[in-house]
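The values are calculated or read from the model by the stated rules, or taken from the named source; none is laboratory data. Only a predicted model underlies this, so the values are computations on that prediction, with no experimental measurement involved. Counting neighbours? That spans all protein chains shown, and the Cβs are built from the backbone with ideal geometry, glycine included. Quick note on the areas: whole protein, heavy atoms, side chains included, nothing else; ligands and nucleic acids left out. Shrake-Rupley method; radii C 1.70, N 1.55, O 1.52, S 1.80 Å.
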Amino acid sequence: QVQLVESGGGLVQAGGSLRLSCVASGRIFRINGMGWYRQAPGKQRELVATIRNSGRTNYANSVKGRFAISGDNAKNTVYLQMNSLKPDDTAVYYCHAGVVHSADSLNVEYGYWGQGTQVTVSS
């Protein structure tokens, strides 16, 4: 019912920058929040950063001061600006959205995931 499409991944050298984008479409009445998660080979998926529709943000300690999440509510889009990238940042990055489908169910939120975009940081 909701599709998330990520873009912006790629290969970059350590110290470089990338900007990820994620656009949500489909049966959306309201998006309560969006976020980025990542999963490296052999590791569990972990939170990178989230943003609520109020603008409140949350970051993993490992990316604070280097990554910045932002959103455009009108476009159902979230961005992740990644600076000073390190080889440890190499992972598949997934977009997540918490979506309300209708005004009749404002307290019901569904979670959706994108297909993921690969970020590779070479040393």
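Some observations on this one:
- FRET efficiency for the residue 109 to residue 5 pair, using the beta carbon distance and R₀ = 25 Å, is estimated at 0.80.
- Mean Cα-pair separation over length for the chain, i.e. relative contact order, pairs under 8 Å, 6 or more apart, %: 36
- Share of Cα-Cα pairs in the chain lying beyond 23 Å, as whole percent: 28
- For the pair residue 83 and residue 61, label points projected 7 Å from Cα toward Cβ lie 2.3 nm apart.
- Length released on extending from residue 46 to residue 19, taking residue separation times 0.36 nm less the Cα-Cα span: 7.9 nm
- These residues, 104, 89, 72, go from largest to smallest accessible area, 1.4 Å probe, as 104, 72, 89.
- Solvent-accessible surface of the chain, taken per residue with a 1.4 Å probe and all protein chains present: 54 Å².
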